[in-house]
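What follows is calculated from the coordinates using simple rules that are stated; it is not laboratory data. Computed from a predicted model, the values in this text were never measured in an experiment. Positions of Cβ are generated from backbone atoms using ideal geometry, with glycine treated the same way; all protein chains shown enter the neighbour counts.
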Amino acid sequence: MATVIIAGVLGLFLWFWWGYEPKGQLDPKAQVQPDKKYTVVFWDFDRPLPGGASYREELVREIELFNQKFPNITVELKLFPWTHGEQVAAAIRRRQEVPHILSLGPLEGLDFARDLLLPASYLPEETRLDFVPLALSGPEFEHKTAVWPRFLAPQLYLANTDLLQAVGVNRSGLQEQGIDWADILHLGRELIQLEGQPHALAGLDYQGLLVALAPRQPDSLGPEQFSWPRSAADTAVARLRQLQADNFLPPNIDQADYGGVKEFFTGQAALLAPAEPWLLRTVRARQEQIKHGLLPATDRGLGEVALIPPKLTPSAGLPARVEGLVVFRWRLAADEIKAAVEWAQHLSRSGTLPAKLDLLPAYRPSQDAWSAAWELGNEAVLLGVCEQGQRLAPYPKTRLEGIDS
């Protein structure tokens, strides 16, 4: 009998624990008390910085800046390897460990923690208006959960400006107006007349080619707008075949093994897609190698480059990676939640850290600081596309399979 009673009490306790676990005191108007000490547990994912710099050290600098305003808030930093996203999500899902703030990094979706996160009332409309539209578009920002956008990386085209100039294409005009399917066809017709017949387009891989060629008009607006149009893959494959038939692309492209990076870097293709800002640094490093005679002559076909956006309309989508911050309400008093929110706001408003990571700031007032720290050019193009209001699933998670049967 005693065993049955103990088991029943234990079962009731566990039911109460999981069914009625303390979720925290919600009060968006609560304030940090200046005479109270706070500890904010912050989880993030480690990532490389150019030149071997330390991401941890950059975060420590951000904490020091934050403490100038909030000396009574201690930020405890825990960094996980980028590949440990599933383990982090599982620990939170099981309530094994729950931080106060998490930078989402490689994680997709919020289902692992949605019932533990702050509601959207903690990120009011007047605050949201300070973030660029592209950073607020997508499924993770359309639920009733507060997510502070932090970084973003739009996916564009990288152009060999020497080849553009050789066929009389104005780089500035193309950067301002964007490139579409008709422009790619025109470029192919002009390039094929040059010596060596360089191709119009190269992709990071086969899916990269499809991203470059797929239509970007979503089938409908709303929460599903993150998805590419249903017909996008079929249209992209048809366009790819047309480019091959016209000799504007290599005739034999193996879907499993294709990669066009070398083709672009040796001057045999005018465009490379999809191109994120970090590719500019790769080009710079390669140019330094060429300058010092560290590459063979056959690999020296690339000079200056420029980022070119796709042609954008108010309803067109743009693939982009966006990373956000979420704050957990679990077992926190209202003022403790506010302390965590203050740190999330500080991180989301950094301009220099995104520049060091070859990313863009999500917070519009930080763009001047970003521009001052950014050293790879193309600022107008990069900041301009951030005003696009509709985001598409980024490469390599587009689901543009395009299997050519």
| note | Subset of region 243-268, residues exposed (fewer than 15 other Cβ atoms within 10 Å of the Cβ) and within 19 Å of D183 (Cα to Cα), comes to A245, D246, N247
| said: I'd like the full set of residues that are among the hydrophobic types (A, V, I, L, M, F, W, C), within 23 Å of the chain's Cα centre (by Cα) and assigned to a loop (DSSP other than H, G, I, E, B), limited to region 47-73. | reply: L49, A53
| said: For Q165, only one of the following conditions fails: (1) farther than 28 Å from A355 by Cβ; (2) touching a residue at least 40 places away in the same chain (Cβ under 8 Å). What is its number? | reply: (2)
| Contacts under 6 angstrom Cβ, first residue in region 35-60 being surrounded by 15 or more Cβ atoms within 10 Å (Cβ to Cβ), partner of a type in the set (D, E), 6 or more apart | V41/E76; Y55/D46
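Can you say whether S348 is surrounded by fewer than 17 Cβ atoms within 10 Å (Cβ to Cβ) and among the polar types (S, T, N, Q), as far as the supplied structure shows?
On the way: surrounded by fewer than 17 Cβ atoms within 10 Å (Cβ to Cβ): no; among the polar types (S, T, N, Q): yes.
Spelling it out, it is not the case that S348 is surrounded by fewer than 17 Cβ atoms within 10 Å (Cβ to Cβ) and among the polar types (S, T, N, Q).
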| message | For region 128-142, check the following and say yes or no: at least one residue is touching an Asp or Glu at 6+ places or on another chain (Cβ under 9 Å), within 14 Å of S348 (Cβ to Cβ), surrounded by 16 or more Cβ atoms within 10 Å (Cβ to Cβ) and basic (K, R). | response | no
| task | Look through region 92-111, keep the residues that are among the small types (G, A, S) and within 12 Å of L79 (Cα to Cα), and return whichever of them is surrounded by the fewest Cβ atoms within 10 Å (Cβ to Cβ). | result | G105
